[in-house]
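Okay, so here's the structure we're looking at.
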Amino acid sequence: MRLAAQLYTLRNYTKTLDGFAETLKKVAQIGYKIVQVSGTCDYEADWLREQLQNNGLSCCLTHINPKKLQKQTAQVIREHEMFDCRYIGIGSLPDLWSRETDAAMEDFIRDYKPVAQRIAQNGHYLSYHNHDLEFEKAADGRIYLEHLEQAFRPAEMGFTIDTYWVQSGGGDAAYWIQRLSGRVPCVHLKDMVFSRRDGRLMTPVGSGNINFESILQACADAGTEYAIVEQDDCYGEDPFQCLKQSYQYLTAKGLK
């Protein structure tokens with residue numbers, strides 16, 4: 001299992017190509033060898049390939065705009081081939097926040113199952129990233145993550161399990177990683193801490209309350225390839241330093 005950095009953590013520094021290039025350099029200086037590309041400005045695939053090569057980095061996963069993924073599937077596949085990234089990610093249900101969850105889920109399954117199949121046929125793999133809402137129960141009593149698990153065959157779509165959002169939704173990340181064994185090539189490692197004043201907060205990995213001993217073991221057992229550090233909100237702290245703190249904790253656990 002390889003260690004990676006999710007660039008969404010650094011999205012405020014990747015709004016231009018110059019900022020994006022400098023961010024990749026700084027991530028490599030921390031020690032990361034792999035990144036997930038998400039939350040950045042627009043870029044050309046050959047530009048990204050060159051920048052990754054210049055910094056000794058590779059890309060393990062992306063999050064792609066859902067509409068582009070649906071309407072320009074062949075182009076998305078070609079672009080990922082250019083910078084040698086097998087896993088194509090989707091960050092959440094499209095248009096979810098303005099729609100009722102059941103309808104959004106039904107539309108996603110209908111619209112993206114053929115997309116997932118086409119991606120798989122071309123040697124890539126679609127990976128769905130959860131938030132806490134997937135742990136809400138549908139009318140039939142199953143949580144939405146179960147609907148996705150059963151609607152897509154393992155060969156069609158995997159899951160980027162996000163440890164923070166699983167716990168936020170009342171789930172057990174280690175359990176879900178084990179349950180989805182074989183279809184969790186990428187996992188987001190994100191920690192949670194609680195205070196009476198501020199409630200639940202994101203924090204560098206190893207400094208919160210999530211049991212990463214069990215999660216890392218579950219990842220190893222489930223065949224996870226990439227443990228990806230992410231921190232959506234650093235609450236005014238330097239996000240590069242937050243990524244560095246997580247890196248130091250995880251490399252001390254033996255990840256590289």
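For G169, neighbours were defined as the other residues whose beta-carbon sits under 12 Å from its Cβ, and their charges (Lys and Arg +1, Asp and Glu -1) total -3. Counting Lys and Arg as +1 and Asp and Glu as -1 over every other residue whose Cβ lies under 12 Å from the Cβ of K244, the net charge comes to -1. Assuming charge only on the beta carbon of Lys and Arg (+1) and of Asp and Glu (-1), the dipole of the stretch 2-252 about its Cα centre is about 300 debye to the nearest 20. Here is the list for the stretch 109-147: trypsin sites (Lys or Arg not before Pro) lying in DSSP coil, each with at most 16 other C-beta atoms within 10 angstrom of its C-beta, are R142. Between the listed residues Q150, Y247, Q72, the Cα displaced farthest toward the positive end of the dipole of the chain, a dipole computed from Cβ unit charges relative to the Cα centre, is found at Y247.
If the chain linking Y235 and W47 were pulled fully straight, counting 0.36 nm for each residue of separation and taking away their Cα-Cα distance, it would gain 64.5 nm. Rounded to whole numbers, the Karplus 3J(HN,Hα) couplings from phi for the stretch 28-40 are 5, 5, 5, x, 5, 10, 9, 9, 9, 9, 7, x, 9 Hz, using 6.51 cos²θ - 1.76 cosθ + 1.60 with θ = phi - 60°, and x at Gly and Pro.
How much of the DSSP bridge set in the stretch 2-252 is antiparallel, in percent, rounded to the nearest 5? If I count the DSSP bridges inside the stretch 2-252, around 20 percent turn out antiparallel.
Remark on L3: its backbone amide H falls under 5 Å from those of A227, K256, a criterion applied only to residues 5 or more positions apart or on other chains, H modelled at 1.01 Å from N. Calculated mean residue ellipticity, 222 nm, the chain: -12500 deg cm²/dmol, from DSSP H runs (n ≥ 4) at -39500 (n - 2.57) each, averaged per residue and rounded to 500. Each Lys and Arg Cβ is given +1 and each Asp and Glu Cβ -1; about its Cα centre, the stretch 1-104 then shows a dipole of about 220 debye. Look at the dipole of the chain built from charges on Cβ: of A220, I161, A138, the Cα furthest out on the positive end belongs to A220. Computed extension gain for E100 through N211, at 0.36 nm per residue and net of the alpha carbon distance, reaches 36.7 nm.
Too long at a 25 Å Cα-Cα cut-off: which of K33/K113; K25/K244; K25/K68; K67/K244; K25/K256?
Long pairs (Cα-Cα over 25 Å): K33/K113; K25/K68; K67/K244.
Every number here is computed from the coordinates shown, using simple stated rules; none is lab data. If you're wondering where the values come from, they're calculated on a predicted model, not measured in any experiment. Counting neighbours? That spans all protein chains shown, and the Cβs are built from the backbone with ideal geometry, glycine included.
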